[in-house]
Structure formats: structure tokens, C-alpha cells
1. For residues that are within 11 Å of residue B:298 (Cα to Cα) and charged (D, E, K, R), tally how many sit in segment A:337-354.
2. If I filter segment B:339-370 down to residues being among the aliphatic types (A, V, I, L, M) and under 22 Å from the mean Cα position of the chain (by Cα), which single residue comes out as farthest from residue A:210 (Cα to Cα)?
3. Among the residues of segment A:88-98, is there at least one that is assigned to a helix (DSSP H, G or I) and either within 9 Å of chain B (Cβ to nearest Cβ) or of a type in the set (Phe, Trp, Tyr) (or both)?
4. Of the numbered conditions (1) within 20 Å of residue A:96 (Cβ to Cβ); (2) part of a helix (DSSP H, G or I), residue A:155 fails exactly one; give the number of that condition.
5. Those residues that are more than 9 Å from every other protein chain (Cβ to nearest Cβ) and small (Gly, Ala, Ser), I need them from segment B:315-340; list them, please.
6. Please determine whether any residue of segment A:159-173 is among the aliphatic types (A, V, I, L, M), closer than 19 Å to residue A:110 by Cβ and surrounded by fewer than 18 Cβ atoms within 10 Å (Cβ to Cβ).
7. Is it the case that some residue within segment B:113-123 is over 25 Å from residue B:47 (Cα atoms) and surrounded by 16 or more Cβ atoms within 10 Å (Cβ to Cβ)?
8. Taking only pairs six or more apart or across chains, which ones have beta-carbon atoms under 9 Å, a first residue in segment B:132-161 that is on the phi > 0 side of the Ramachandran plot and assigned by TED's automatic domain parsing to the domain that holds residue B:193, and a second residue that is surrounded by 15 or more Cβ atoms within 10 Å (Cβ to Cβ) and of a type in the set (Ser, Thr, Tyr)?
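The values are calculated or read from the model by the stated rules, or taken from the named source; none is laboratory data. Quantities reported herein were computed from a predicted structural model and do not represent experimental measurements. Neighbour counts are summed over all protein chains in view; Cβ atoms, including those assigned to glycine, are modelled from backbone coordinates with ideal geometry.
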Protein chains: 2
Amino acid sequence: MTDPFSKLRQQIDQVDTELVQLLARRKALVAEVGELKQAAGVPIYVPTREHSLIQARREEALAAGVSPELIEDLLRRMMRESYSAENEHGFQCCAPELESVVIVGGRGQMGQLFTRMFCLSGYQVASLDLDNQEQAKELLAEAGLIIISVPINQTDAVIRKQARHFNPQALLVDFTSRKSEPMATMLGIHPGPVLGLHPMFGPDVCTLAKQVMVFTPGRGEAKFEPLLQQFRLWGASLIESSPAKHDHMMAIIQALRHFTTFAYGSYLQRENIQLEDVSRFSSPIYRLELAMVGRLFAQDPQLYADIIFSSTEGKQLIRNYIEHLQEAVVLLDNNDIDGFIQQFTQTSDWFGQLKEKLLDESTALLERQSEHQ
Amino acid sequence: MTDPFSKLRQQIDQVDTELVQLLARRKALVAEVGELKQAAGVPIYVPTREHSLIQARREEALAAGVSPELIEDLLRRMMRESYSAENEHGFQCCAPELESVVIVGGRGQMGQLFTRMFCLSGYQVASLDLDNQEQAKELLAEAGLIIISVPINQTDAVIRKQARHFNPQALLVDFTSRKSEPMATMLGIHPGPVLGLHPMFGPDVCTLAKQVMVFTPGRGEAKFEPLLQQFRLWGASLIESSPAKHDHMMAIIQALRHFTTFAYGSYLQRENIQLEDVSRFSSPIYRLELAMVGRLFAQDPQLYADIIFSSTEGKQLIRNYIEHLQEAVVLLDNNDIDGFIQQFTQTSDWFGQLKEKLLDESTALLERQSEHQ
């Protein structure tokens, strides 16, 4: 490197060092806001504040000759960090009448996540697992909130087994990724308030800010609404649904998709594809798709077996999809390029304006991914 | 909002405004580096510089109580912006002996991208398209570099049609996403230097920094090596391959994957799935997968028809995959959860350590995506 290079690079390093200091200052200010929010019971994620903050800086960027997209991306990344950090301050308790909380299956990963969140909000939380069954009666009879967080195929049996111990006034909630059967069981067996919940995220998230949770109202809104308020305070985005609609959506989003991902991964193995080569030759898109496949196989097979095998509708969609593939492959057998283009165009029309949005979204995603290559 | 909130938010806004100013300063410095690089013929993307810059700031961040991952992500985003900006300064011309450049199909999107890049590096570039065929003889007889950038199913015919006009000393290159047949045609028909190229990215990229290009050497390394050097200067990452190996990889990465994405999209249409609902209920992972499907249908059907129908091996892999799905669905028919878990575990073992890497990669990706929700 010649001298003028070194000098400029030193100046860039100096700017970047200032950035580090600026982040430290921002972090301290955000921590103060977090304490105020905790005291005032304000949600950690306030969409209007996020929007107005970004807009103001975008305009300043334009005026300063800086890309508005750049400043927006940087601010969003910084805010994600802030949301995670705000967990440290704890949260106000929105539903003190639900104390104490008992999570059946609290030692599971999702159970641990919610135990942590409830504790941060000042609730007393106990876990009921296989190793402390002798406490079942004592814990459940005193509980204000009982959460069933066990695998789908055990949900029904666990509820039936423990129901005789439930405090009849307690709010009964389940976290299962199906809703019809658990809701029917809970409403049938428990006289008190009932709520179905499906956290649409994995237990490894750092913050609940912007995370989606689907809820299916059972009975006793006066009791479950404060709990939903608690989730909103944690930053979650709540979607109301009927159990049937939820399960229909999950047949597509989970059962069908996870099965095809499973089948694709096991197919790569069957053909003994050299993953290293594939990885080396990958376009950014394929790398991303491969990441989604590898991700599945890095997780618990039982979880995916539960999701796929528990949905009758999902199994039927999978069969229909394979039938559809067999029909589509006829296009290849007949070398029917015109037919392919015709089908492609029809589906493209059916996607409507959403496809352009999805194209933009995926392009932005691929660009972000390319930063890390 | 109470007063202490407003005051803190003003202070945060002040910090963010300083960030905008800092970015403006950094941009000016990067522009100076860009000019020096242009003059010295240094590649715009220097992995070692990027690595050492990030490491130094990570350590400073740790010392200042700031998350090292945060500063790394911000720097990577800023550097992506810099790479795009460096296009503005132009690039040194690495292969003046290849002038002038003729791109057959230069009006196509990929042709336009490379026309722009060659112009930025001081080459004279002409396009030969359907509307200026009368110039074919004149342009091609004088060309130092002839690039064939037309759809796969036209590549062979176009080369054969134009070959009689080629300057016999010119370097002949094709951009097709298959390599075996075009390489055979080019080597058979053209006595001069030959190189096969497959840009593994779409024509909408802002910069070639970190983008992958596969090349298959034909003949005349002395002529094509300076062209590869030019691509390296643009920041591209080059992978050498034989035509057969490349085509085998693309059968998996492109033909099979694009076909299953096509079939999945047309299946959603067949079941008349309400995309709005699906979108609303989506977990971040499914949203990402849906984005990849919508992305396909927002693009040119002919392009995908070409990729899928031109690969005999790809067509066979697709048939094998459907056969595999039919075998896998037997697990569902028999409610064979143990069999599913056994197959899952085998594939998981086969993925080996790569799966953990892919899990981390996808988790980071999903977190970045959640910022934009």
C-alpha cells in the first residue's frame, strides 16, 4: 500500500472508531429510555416512533448526500439491538391477577423462554415437568395462569391428566402449533377462562419485539386480555384467529412446507450430492435455500414429526402437492415449453401485485446476505 | 409522552443526526480511496482489508461495551454501499488488447449490465442485436472480445450464424447458464481463444463485489486471463470448473430447484390459497420462502423454461425427486413417525457439521429480516 492509501484508510478507521463511540452513547440513552418505559408500562416496540425516527434521518441523509436506504438499514439494525437490550430492564406486570404462573413443560426450550419473560415482568413462575409431578396438585391449585407447553401429541393427555388439579378460576393457555383439538379439550374440561396461543417463532429469539403470536379466544376475555397486553408490552405482534382458520393456515405454512424441505434434504442425501461443491457453486439464492434445508436438519426431528403427522389436512395437502408435481412433470416429458410458459404466466397473474413486493423483499434480503459472504 | 421521554428521544435523535454526518464524511473518504484504486488498478473488494477493519472495530466495541456483532453488521452494510459507489469512479482497463468488445444480445438485461461495466473500465463496447444485424460483419471482424449473451436455446444457432464474421484472433466468450454444449460449439467453430462464463447473479445487482462467476477455460489462457483479471478488479469471485461439472451442479442448483419452486407456486394457485392470509400468519421463515416463490413468478418465464428444459440431467433429477417424494409420503400413509425420525436423523448425520453452519447463517438472516417487518 502506498502512502496516500494508508493515510485515507487511517482517516476511515478514525471515522469508524467514532461510530463505535457513538453507539456506546446511544446505548446509554436507550437504556435510560428502557428504564422509563419499564416504569410507565410502555411497549418496547412503538411502530410510530420507529417510523418517524427513520423518516427524519432519511431526509437528513438526502440533504447530506448519503443514501436514505443506508441510514434506514443502519438504524433498523441499531434498533434491533436496542429491543434486545430492553429485556435487561424488565417489564411492567400487566396481569398481576394471573399470579402465580405455572408452565407445564417449563423446562422445554419454549417454556424456558417464557419463564424468563414472565420473571422479567415480575411474575412468580413455576415449572411442572416429569421430575416434579408430586408438586402438581399444590402448584396447579394455586395457579392464576396455567400454560401447557408440551409436544402436540402429548397436549391432550397432559391436560386430561392434570385437569383435576387446576384452580377452576385460573386462565388456561396452550402453546401448541395446532389449535382445534387443544381448544376443544381445554374448553370441555376447564370451567374457567381459556386462551389458545401459537408463538410463531423459535425459542432462540433474543427479543419478542416484532415477533408474531396467533391467539384463539376461548372464554373469559376479561382474564386473557391483560395477558395479551403483557405480550404487547414485550413487543409481540398479535393476530386473532379461529382455531379452524389457524389450523388451515398451518397445514400450508408448516406441514406441507416442512415435509417438502425434509424430502428435499433426504433426496440430496439419496443422490449423494456433494454438499461442499454445491455450496461452492451456489448463487446467493440457492445458498439461502440450502440454509433453510440445513436449518431443518439441525433441529429436533420430533418437533417436525409432530407438526407434520398431527395435521390431517396437512397430510392431504402433501398428497395433493405430489399429485400436482406428477402432472407438472408431464410438461417436461413432452418437452412442452409453451405449456410451461402458459402455466407460469397464469400463476404469475394469480400472484398479482404481491409478486413484485416479494421480489423487492427478496432482493433486499439477498443484498443483505451478500454482505456476509 | 412525558417530558423525560421527549428529552431522551431528542438526545437519541441528536446521536443519529451525528451518524448521518459521519456517513457523509466516510463517503467522501471512500470516494478518495476509490479514485486512488482506479488509478492504481486495485480491486474494489480487498478481503484482507475488510477483515482487519472489522476485527479492529470489534475489539474497540468490546472495550466500549458495545456488541461486536452490531458494529460488524453496521460496517458490512456501510462497505456494501462503498462497493456500489466505487463503480462511479470507473475501473482500470486490464485487457486493452481485447478492444473493441462486441456483446451479441447486448440489449438484454445481462448484456446491459456488462456493457456498463466494460464502459466504466474504458472499453469500447458495441451491441449486436436483432435490429442491427446489418452491422454484424463490420462489428465482429474488428472485435477483440465477442460475448454471446442470448437465451440458452439460441446460443448454438447464434454462434453458428455469426461465426463466419468473427475476427479469428478474438476471444470468444458465452454467458450461458449451461457450459457443455456452448463450449463444444465455440471450440469447434472458432480457431481463436475461447472462454465459458456463467455469472451466478441477476442483472439487477448494484455491484459485482463478492458476486460469483463460474468460468470454464477453453483455449488461449494468455488472452482470457486478463479478462478474468478485469472481473476480479470489479470485485467478482471467480470459480474455475469443467463444463461437465458446472452443468451437473446447475442441474441441482437451478433446474431441480426452479422446477420445484414453479410447481409449489402453481400448486398454491391450484388450491386457491388466500395469499393475503398466508402472508399475515407467516412465521419469518415462511415469509422468506414465500418471497423466494413470488420472486420466481415476477421474472421472465422464458428464462426459467430455458434453464429447466435445456438440462437433460436436470429433468432426470426432477423425476427422481418426485419418485423420492412418493416414497417419502408412504411414511405419512402408514403414520410411521419412527420411520420419519429415522430418515430425518440419517439425513441430519449426512449434513454433518454443515447443518450447524447453515442454522447459524439462516438465524442471522431471519434476524436481519425481522428488522424490516
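1. Qualifying residue count, segment A:337-354: 1.
2. Pass one, segment B:339-370, residues among the aliphatic types (A, V, I, L, M): B:341, B:354, B:358-359, B:364-366.
Pick out the ones that are also under 22 Å from the mean Cα position of the chain (by Cα) and you get B:354, B:358-359, B:364-366.
Working: B:354: 29, B:358: 24, B:359: 21, B:364: 16, B:365: 15, B:366: 12 Å.
Only one residue fits best here, namely B:354.
3. Pass one, segment A:88-98, residues assigned to a helix (DSSP H, G or I): A:88-89, A:96-98.
Imposing the further condition that a residue be either within 9 Å of chain B (Cβ to nearest Cβ) or of a type in the set (Phe, Trp, Tyr) (or both) reduces the set to none.
Within segment A:88-98, not a single residue is assigned to a helix (DSSP H, G or I) and either within 9 Å of chain B (Cβ to nearest Cβ) or of a type in the set (Phe, Trp, Tyr) (or both).
4. Single failed check for residue A:155: (1).
5. B:339, the sole residue that qualifies.
6. Start the filter on segment A:159-173 by keeping residues that are among the aliphatic types (A, V, I, L, M), which leaves A:159, A:163, A:170-173.
From what's left, closer than 19 Å to residue A:110 by Cβ: A:159, A:171-173.
Filter again for surrounded by fewer than 18 Cβ atoms within 10 Å (Cβ to Cβ), leaving none.
For segment A:159-173, residues among the aliphatic types (A, V, I, L, M), closer than 19 Å to residue A:110 by Cβ and surrounded by fewer than 18 Cβ atoms within 10 Å (Cβ to Cβ): absent.
7. Checked segment B:113-123: at least one residue is over 25 Å from residue B:47 (Cα atoms) and surrounded by 16 or more Cβ atoms within 10 Å (Cβ to Cβ).
8. The qualifying pairs do not exist here.
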